[in-house]
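**Q** If you scroll down you'll find the structure; I have some questions about it.
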Amino acid sequence: METDQLSVSIWRGGDGGAYQTYQVPRLESQTVLDVVTYIQREIDPSLSYRFACRVGVCGSCAMTVNGKARWTCRTHVSRVAENGALTLNPLRNLPVVKDLVVDMAVFFDKWEKAMGAFVGDKTRDQALAAVSPSDPKRKEASAGIECIGCGICYATCDVVDWNKDYLGPAAMNRSWTLINDERDVARIPRLQAIAGDNGCLGCHSQQGCVERCPKSLNPTGAIAGLKRHTMKAALKGELT
Amino acid sequence: MAHAHRNHPTYWAFFIHRVSGVALALFLPLHLYVLGLALAESTAFADFISWSNTPGLKTLETGLVVFLTAHLTGGLRLLALEFLDWRSGQKSLVALSGGISLCLGLVFLLNAY
């Protein structure tokens with residue numbers, strides 16, 4: 001049902017770009033992703049944006065909507081439009097490729113720096129590890145692995161803005177899942193990777209990541225857990 | 001809109017903790033200087049005390065008490081966040097620390113006049 005017009009200002013170009021405004025028919029149950037798709041298909045085919053699944057699984061459609069990073073496929077226009085207007089920008093803290101598309105390479109490079117890859121010591125010929133789903137550590141890991149890598153926490157984090165080498169909430173959330181994975185054998189190297197100002201000790205606990213995570217995850221809690229593990233390991237002399 | 005992402009309680013708690021910390025750092029040398037007057041120049045100290053009894057100064061002192069308690073309660077909240085197991089209700093803890101600060105400021109103000 002068409003109800004009205006929506007005024008949509010979109011950042012066009014790269015770092016030196018400018019806003020361009022479009023009028024889009026307002027529809028019932030319309031998402032922000034529906035809006036940019038309409039603009040690209042009906043008004044301006046040169047508009048660049050990124051999406052894949054459209055149902056909140058892939059994490060590729062994140063943008064800044066009226067100043068806040070959001071997953072646009074699950075964000076209804078009715079929840080975020082202010083006086084019939086939307087302002088769309090690419091995610092903060094990431095290099096802009098064009099329009100609403102950012103280069104996510106640095107984001108995922110930091111997952112690697114935070115030792116975000118599982119390190120096991122079993123071969124495929126050995127029996128599967130028996131991990132109790134009710135184990136508190138497994139519960140922490142199971143919560144953290146729900147991250148879809150959308151970059152919303154990274155774009156929201158002021159510490160990333162202030163320190164370009166800061167690993168960011170998503171990378172350390174990933175480290176936290178592996179610290180809690182009883183099958184992983186790289187606990188100390190991983191703590192060494194995330195200790196310091198560029199890692200967990202740089203977090204100011206503003207909790208913007210918690211506030212904005214579309215999956216309701218708790219990266220600040222993960223980073224606080226890493227701080228405690230880092231402190232205990234340092235007191236035992238395991239980080240030297 | 002540039003800073004819309006900051007408009008949530010735990011950010012404001014961070015901001016107040018930082019600003020109150022800077023304000024207290026600026027206040028402390030002044031405080032120590034006045035205490036020093038009590039030892040070195042008792043007349044000047046008595047003059048300062050009588051000046052500080054004016055209503056405007058009492059109001060400023062109330063702000064100082066609120067800042068001091070906000071920094072204390074905010075610091076305790078952060079220590080709990082970082083050293084104890086995570087617990088839900090972080091915004092409630094922000095509200096509690098802010099509420100304690102304002103209540104103590106009010107108690108000071110009521111006793112100031």
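The values are calculated or read from the model by the stated rules, or taken from the named source; none is laboratory data. For clarity, every value in this text was computed on a predicted model and none was experimentally measured. For neighbour counting, all protein chains shown are included, and Cβ atoms are generated from backbone atoms with ideal geometry for every residue, glycine included.
**Q** Which count do you get for residues in the range A:10-19 that are in a strand (DSSP E or B) and surrounded by fewer than 16 Cβ atoms within 10 Å (Cβ to Cβ)?
**A** 2
**Q** Right, something else. May I ask you to say which residue of B:ARG18, B:ARG6, B:ARG87 is among the charged types (D, E, K, R) and modelled with pLDDT of 95 or more?
**A** From the options B:ARG18, B:ARG6, B:ARG87, the qualifying one is B:ARG18.
**Q** What number of residues in the range A:190-216 are within 12 Å of another protein chain (Cβ to nearest Cβ) and of a type outside the set (Lys, Arg)?
**A** Of the residues in the range A:190-216, the ones within 12 Å of another protein chain (Cβ to nearest Cβ) are A:200-201, A:203-212, A:216.
Keeping just the survivors that are of a type outside the set (Lys, Arg) gives A:200-201, A:203-211, A:216.
Within the range A:190-216, residues that are within 12 Å of another protein chain (Cβ to nearest Cβ) and of a type outside the set (Lys, Arg) number 12.
**Q** Would you check if A:ASP15 is modelled with pLDDT under 95 and more than 25 Å from A:GLY149 (Cα to Cα)?
**A** When the stated conditions are applied, A:ASP15 does not pass them.
**Q** Sticking with this structure for a sec: Identify, please: which residue in the range B:87-104 is surrounded by 15 or more Cβ atoms within 10 Å (Cβ to Cβ) and closer than 9 Å to B:ALA70 by Cβ and is, among those, nearest to the other protein chains (Cβ to nearest Cβ)?
**A** Top of the filtered list is B:SER97.
**Q** Right, here's the next one. Only one of A:GLY225, A:GLY237, A:GLY196, A:GLY168 is surrounded by 22 or more Cβ atoms within 10 Å (Cβ to Cβ) and over 18 Å from the mean Cα position of the chain (by Cα); which?
**A** Unique residue meeting the criteria: A:GLY225.
**Q** Among B:LEU37, B:LEU68, which is more than 14 Å from every other protein chain (Cβ to nearest Cβ) and either under 13 Å from the mean Cα position of the chain (by Cα) or at pLDDT 95 or above (or both)?
**A** The unique qualifying residue is B:LEU68.
**Q** Another question about this same structure. Can we say A:ASP135 is within 11 Å of another protein chain (Cβ to nearest Cβ) and either surrounded by fewer than 22 Cβ atoms within 10 Å (Cβ to Cβ) or not polar (S, T, N, Q) (or both)?
**A** Spelling it out, it is not the case that A:ASP135 is within 11 Å of another protein chain (Cβ to nearest Cβ) and either surrounded by fewer than 22 Cβ atoms within 10 Å (Cβ to Cβ) or not polar (S, T, N, Q) (or both).
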